[in-house]
Amino acid sequence: MPGVGRFKVMELVEQINAHAYLYLAEIGEPEDNVLRLVIEEARASSEPEEMKIGDVVLAGARPIISDDTCYAYEVLFGSYVAYSVRNESYTPEDKSEEYVGRLFRVYSKSHFLDYVRTATFASDEYPGKLNHYEIVCENHILDVVSVGEPDITIVRRARQRHAPDCGHEDSHVN
């Protein structure tokens, strides 16, 4: 997929954190020990629908969607120590963990970082300072421990929406 924009990592992390929701579109290893993620901005649809859950019918539900009015990003970890994909339905919030960010989190203290330090011989001394990144998507929680920060590229710019439910400004990334 050709990239349509490369910016400073922290600018893109801030942009990702400003979105209402994210979806995981792709995950893979294009080379040994290289992790490639494609995440898409998502938003509540402007069209309400009737939704049935068990025997209960919910009127006016607004499904979470990702379409061509939403951004898409490639997140590439050139190497990693460990990664995990969890079903977000089974992922509790833990107040003892410390992080910054909302949808794209950087942890200074986490159970996953503790696990990686226990289950591998990786440490801050070798191969270097371990960083724990977490990407919170609808349906998936992605955790990655790596030494370096990821490369993030915009692979789809948001097409202008006609409705006022955009949730972000496009001008700050031009």
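Each reported figure results from applying straightforward, stated rules to the coordinates on display, with no laboratory input. Since the model is a prediction, treat every value here as computed from it, not as a measurement. Every residue, glycine among them, receives a Cβ derived from its backbone with ideal geometry; neighbour counts consider all protein chains shown.
Here are a few things to note about the model shown:
- Evaluated at q = 0.11, 0.16, 0.18 Å⁻¹, the base-10 log of the normalised Debye intensity for the range 1-104, with identical point scatterers placed on the Cα atoms, takes the values -0.48, -0.94, -1.12.
- Given (i) 17.6, 56; (ii) 14.8, 44; (iii) 17.2, 63, the label whose value is Rg and Dmax of the Cα atoms in Å derived from this model: (i)
- As a rough guide to protection, the peptides 50-63, 136-149 ranked by mean Cβ packing within 10 Å, highest first, stand as 136-149, 50-63.
- Between residue 151 and residue 114, the simple label model (points 7 Å from Cα in the Cβ direction) yields a spacing of 3.5 nm.
- For the chain, calculated [θ]222 nm from helices alone, where every DSSP H run of n ≥ 4 adds -39500 (n - 2.57): -3000 deg cm²/dmol
- Euclidean distance of C-alpha centroids, the range 116-158 and the range 90-111, integer Å: 12 Å
- Restricting attention to the chain, lysine pairs at least eight places apart or on different chains and with alpha-carbon atoms under 24 angstrom apart total 4.
- Taking amide H as placed 1.01 Å from N in the peptide plane, the amide H of residue 137 sits under 5 Å from that of 142, each at least 5 places away or on another chain.
- Estimated dipole of the chain in Debye, rounded to 20 [Cβ of Lys and Arg +1, of Asp and Glu -1, Cα centre]: 240 debye
- Taking amide H as placed 1.01 Å from N in the peptide plane, the amide H of residue 21 sits under 5 Å from that of 42, each at least 5 places away or on another chain.
- The range 55-130: GluC sites (Glu not before Pro) in DSSP loop, at most 15 other beta carbons within 10 Å: 93, 125
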